[in-house]
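This report concerns only the one structure given below.
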Amino acid sequence: MILIIMGVCGCGKTTVGKAIAKQLQWQFADADDFHPEANKVKMGKSIPLTDEDRIPWLTSIHQYIKTLFTEGNNGVVTCSALKKMYRVILTSGEVTADNGAEKLPVLFVNLKGERDLIIKRMEGRSGHFMPVSLLDSQLAILEEPDMSEEAVTVSIDNSIDDIVALVMEECEKRLSRSVKGDVS
């Protein structure tokens, strides 16, 4: 199973992702590590990324996820995955879903919270290239996962331990369903 911990900057993707990966003893990868330096510089200057900036970054994350899947490994990956199109790239490697590309089986964990809470958290962190000033641009383009996507939404009002427990519960449900599907 591959989990993609998604949401806007400052919602806790890395903290939650690392906690889940540690508890499950799965591999962990932070999407920030896949950004080319040009993207980091742009964001550091409070310039929002465009789709053109993001597509190569998302494609490289897809390749990593595909390798995990192909090698039979479980993993937790963080990625903002703000638009449905971005989630399609992450799961299929393609920009559109209607071209018949095979989608990798992932579960998106959408971390959702109020703007004020996210700002407070962003102001409390240091050493991150993403400035608070870009939060509104991310909120503006955010497309929450819909019913056609394998996703669960979790409130960041919960503690990290509670978020991890909720995600673990969801994973167990989905694994149980897939095992039952294999048996019948």
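The residues listed here are LEU49, LEU104, LEU117; of these, the one that is at pLDDT below 90, more than 28 Å from LYS22 (Cα to Cα), open to solvent by less than 70 Å² (accessible area, probe 1.4 Å) and not hydroxyl-bearing (Ser, Thr, Tyr) is LEU49.
Within region 23-39, the set of residues being surrounded by fewer than 21 Cβ atoms within 10 Å (Cβ to Cβ) and in contact with a helix residue (DSSP H, G or I) (Cβ under 9 Å, 6 or more places away or on another chain) comprises GLN23, LEU24, TRP26, GLN27, PHE28, ALA29, ASP30, ASP32, PHE34, PRO36, ALA38, ASN39.
Which count do you get for residues in region 8-18 that are closer than 16 Å to LYS120 by Cα and either in a loop (DSSP other than H, G, I, E, B) or open to solvent by less than 10 Å² (accessible area, probe 1.4 Å) (or both)?
Of all residues in region 8-18, those closer than 16 Å to LYS120 by Cα come to 8-13, 15.
Add one more test, that the residue is either in a loop (DSSP other than H, G, I, E, B) or open to solvent by less than 10 Å² (accessible area, probe 1.4 Å) (or both), and what stays is 8-12.
Final tally of qualifying residues: 5.
State the number of residues belonging to region 128-158 that are out of contact with any helix residue (DSSP H, G or I) (no Cβ under 9 Å at 6 or more places or on another chain), hydroxyl-bearing (Ser, Thr, Tyr) and at pLDDT 70 or above. Residues meeting the conditions: 2. Number of residues in region 19-40 that are assigned to a helix (DSSP H, G or I) and in contact (Cβ under 8 Å) with a residue 24 or more places away in the chain equals 9.
Determine, yes or no, whether LYS66 is open to solvent by 10 Å² or more (accessible area, probe 1.4 Å), without any contact (Cβ under 8 Å) to a residue 60 or more places away in the chain, among the basic types (Lys, Arg) and under 22 Å from SER148 (Cα atoms). Spell out how you get there, then give the answer.
On the way: open to solvent by 10 Å² or more (accessible area, probe 1.4 Å): yes; without any contact (Cβ under 8 Å) to a residue 60 or more places away in the chain: yes; among the basic types (Lys, Arg): yes; under 22 Å from SER148 (Cα atoms): yes.
Yes, satisfied.
The values are calculated or read from the model by the stated rules, or taken from the named source; none is laboratory data. Note that the coordinates shown come from a computational prediction; the quantities given were computed from them, not determined experimentally. Using ideal geometry, Cβ is built from the backbone for each residue, glycine included, and neighbour counts are taken over all protein chains shown. SASA here: full protein model, heavy atoms, side chains in, ligands and nucleic acids out. Shrake-Rupley method; radii C 1.70, N 1.55, O 1.52, S 1.80 Å.
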